[in-house]
1. Can you pull out every residue in the range 139-196 that is of a type outside the set (Gly, Ala, Ser) and in contact with a His (Cβ under 7 Å, 6 or more places away or on another chain)?
2. Just checking, which of LEU186, LEU146 is closer than 29 Å to ASP57 by Cα, touching a residue at least 40 places away in the same chain (Cβ under 8 Å) and among the hydrophobic types (A, V, I, L, M, F, W, C)?
3. So which residues in the range 33-89 are charged (D, E, K, R) and more than 14 Å from the chain's Cα centre (by Cα), if there are any at all?
4. Could you tell me which residue of the range 27-73 is surrounded by the most Cβ atoms within 10 Å (Cβ to Cβ), considering only residues that are in a helix (DSSP H, G or I) and of a type in the set (Asp, Glu)?
5. Please work out which residue is modelled with the lowest pLDDT, limiting yourself to the range 74-122 and to residues that are closer than 23 Å to LEU146 by Cβ and β-branched (Val, Ile, Thr).
6. Specify which of the listed residues (GLU101, GLU152) is out of contact with any Leu (no Cβ under 6 Å at 6 or more places or on another chain), charged (D, E, K, R) and touching a residue at least 12 places away in the same chain (Cβ under 8 Å).
7. Within the range 144-157, can one find any residue that is closer than 19 Å to SER45 by Cα and assigned to a helix (DSSP H, G or I)?
8. Just to verify a result, which residue in the range 74-95, among those that are of a type in the set (A, V, I, L, M) and not in a helix (DSSP H, G or I), is surrounded by the fewest Cβ atoms within 10 Å (Cβ to Cβ)?
Amino acid sequence: MGNRLSKIVTRTGDDGTTGLGDGSRVAKDSPRIDAIGAVDELNSSLGVLLAEPVPEDVAALLTDIQHDLFDLGADLCVPDTGESLAWTPLRVGADQVTRLERDIDALNASLDPLRSFVLPGGHPAAAHLHVARTVCRRAERLMTELALLPGETVSAPAAQYVNRLSDFLFVASRHVNAVTGVGDVLWVPGKTRTGG
């Protein structure tokens, strides 16, 4: 790691633009920056979660995911325009998607099958996982929106990763509720209705 991030205040964004990893500048409210920002917010929500007591097995997986999310941010920060660059940009790989799928299967293996939708809640860590899941879904929507724009791209592995991650966060919330003995909080359809 030869690069150092020693200068924090650069003043280069005072004009309402920000720099991408390829040196180009875009508006701070561009769809690409929206997607990158949602990924950053997701990573920060996992940081808040990890500041609380979390079962060790889930904490280890979430730490790996935080590194993956920085990879995802780096991937989004260097748009694939088809042009050669002087370096090889970091991209999310199919192996990261596969690892996440294995982790989902491993956590899900010991859980009881669902017979109802699950309400966000239960153990505090499970509730935080649900918040992270909703931020992840927003990041996925923004990345999908970005990919549909003319001249914009999002790699297939990056899109797959964020899709699988929301599944992982859901299963991890159920796992946390199970191992802590709290149990899932199940939705009761029409619970508060008073009439026909």
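The values are calculated or read from the model by the stated rules, or taken from the named source; none is laboratory data. The model shown is predicted, which means the values in this text are computed figures rather than measured ones. For neighbour counting, all protein chains shown are included, and Cβ atoms are generated from backbone atoms with ideal geometry for every residue, glycine included.
1. The initial filter retains those residues of the range 139-196 that are of a type outside the set (Gly, Ala, Ser), namely 140-146, 148-150, 152-154, 157, 160-165, 167-171, 174-177, 179-180, 182, 184-189, 191-194.
Matches in the range 139-196: VAL176, ASN177, THR180, VAL182.
2. Values: LEU146 fails: closer than 29 Å to ASP57 by Cα.
Among LEU186, LEU146, only LEU186 is closer than 29 Å to ASP57 by Cα, touching a residue at least 40 places away in the same chain (Cβ under 8 Å) and among the hydrophobic types (A, V, I, L, M, F, W, C).
3. At the first step, the residues of the range 33-89 found to be charged (D, E, K, R) are 34, 40-41, 52, 56-57, 64, 68, 71, 75, 80, 83.
Correct list: GLU52, GLU56, ASP57, ASP80, GLU83.
4. To start, the set of residues in the range 27-73 that are in a helix (DSSP H, G or I) comprises 31-50, 56-73.
Adding the requirement that they be of a type in the set (Asp, Glu) leaves 34, 40-41, 56-57, 64, 68, 71.
Values: ASP34: 18, ASP40: 16, GLU41: 15, GLU56: 9, ASP57: 15, ASP64: 13, ASP68: 20, ASP71: 17.
So, considering only residues that are in a helix (DSSP H, G or I) and of a type in the set (Asp, Glu), the one surrounded by the most Cβ atoms within 10 Å (Cβ to Cβ) is ASP68.
5. From the range 74-122, those closer than 23 Å to LEU146 by Cβ are 74-85, 87-94, 96-97, 100; that's our starting set.
Still in the running and β-branched (Val, Ile, Thr): 78, 81, 88, 92, 97.
Details: VAL78: 88, THR81: 73, THR88: 84, VAL92: 96, VAL97: 98.
For the range 74-122, the residue satisfying everything is THR81.
6. Working: GLU152 fails: out of contact with any Leu (no Cβ under 6 Å at 6 or more places or on another chain).
When all the criteria are applied, what remains is GLU101.
7. First pass over the range 144-157, keeping only residues closer than 19 Å to SER45 by Cα: none.
No, because not a single residue in the range 144-157 is closer than 19 Å to SER45 by Cα and assigned to a helix (DSSP H, G or I).
8. As a first pass, look at the range 74-95 and keep what is of a type in the set (A, V, I, L, M): 74, 76, 78, 85-86, 90, 92, 94.
Cutting the leftovers down to not in a helix (DSSP H, G or I) gives us 78, 85-86, 90, 92.
Numbers: VAL78: 18, LEU85: 12, ALA86: 5, LEU90: 15, VAL92: 24.
Here the residue is ALA86.
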